[in-house]
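> To start, I am sharing the structure in question, which I have written as C-alpha cells.
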Amino acid sequence: MSLIVKKFGGSSVATPEKIKNVAKRILREKAPDDRIVMVVSAMGDTTDDLIALAGEVVESPYQYTREMDMLMTTGEQVSIALLAMAFRALGQPAISLTGGMA
C-alpha cells in the first residue's frame, strides 16, 4: 500500500466539472490499495476575490493577519468539501479535513 499526496491548484478545481474530473482522474490512476491525500487550492480566482472583499471592508487587510488567514481558508474549505463529495458520488469513501484536523 502506498500513501500518495497530490496537489491541485485553483485552475484545476475552478469549476464543478473540473472538480469531478480531478476525482475521476485520481480514481483511474490509483492502485486499489493506495491511500490518497489531496491538497487542494481554492477554486479559480476565489483567493483573489476574497482579498478584494477584505480590501472593501478595511483599507489595509493584511494588518489583520489572523483574520486574513481565516478568510483565505474559506476558499480551500469549499474546494475540499466539493472534492470529497465528488469522490463519494463515484463510490470512493472520502472526507475533507483542514490542516488542523489532519
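Only the coordinates and a few stated rules stand behind these numbers; no lab work does. Keep in mind the model is a prediction, meaning the values are calculated, not measured. Don't worry about glycine lacking a Cβ; one is built from the backbone with ideal geometry, like all the others, and counts go over all protein chains shown.
The rows are residues; the columns are (1) in a helix (DSSP H, G or I); (2) surrounded by fewer than 17 Cβ atoms within 10 Å (Cβ to Cβ); (3) among the aromatic types (Phe, Trp, Tyr).
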| site | (1), (2), (3) |
| --- | --- |
| 55 | yes, yes, no |
| 77 | yes, yes, no |
| 83 | yes, no, no |
| 88 | yes, yes, no |
| 93 | no, yes, no |
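> Examine the stretch 8-22 for a residue that is among the aromatic types (Phe, Trp, Tyr) and under 20 Å from the mean Cα position of the chain (by Cα), and state whether such a residue exists.
Checking the stretch 8-22: at least one residue is among the aromatic types (Phe, Trp, Tyr) and under 20 Å from the mean Cα position of the chain (by Cα).
> If you don't mind, there's one more thing I want to ask. Can you spot a residue in the stretch 61-73 that is touching a residue at least 24 places away in the same chain (Cβ under 8 Å) and touching a helix residue (DSSP H, G or I) at 6+ places or on another chain (Cβ under 8 Å)?
yes
> Can you tell me which residue among 72, 68, 38 is touching a strand residue (DSSP E or B) at 6+ places or on another chain (Cβ under 9 Å), surrounded by 11 or more Cβ atoms within 10 Å (Cβ to Cβ), among the hydrophobic types (A, V, I, L, M, F, W, C) and more than 15 Å from residue 11 (Cβ to Cβ)?
Only one candidate passes the filter, namely 38.
> Out of all the residues in the stretch 85-102, which are at positive phi and touching a residue at least 24 places away in the same chain (Cβ under 8 Å)?
If the condition is that a residue be at positive phi and touching a residue at least 24 places away in the same chain (Cβ under 8 Å), then no residue fits.
Table: residues versus (1) surrounded by fewer than 17 Cβ atoms within 10 Å (Cβ to Cβ); (2) in contact with a Lys or Arg (Cβ under 9 Å, 6 or more places away or on another chain).
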site	(1), (2)
3	yes, yes
11	yes, yes
14	no, no
17	yes, no
21	yes, no
26	no, yes
33	yes, no
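> On to the next question. How many residues are of a type in the set (S, T, N, Q) and in a helix (DSSP H, G or I) if we restrict to the stretch 2-46?
4
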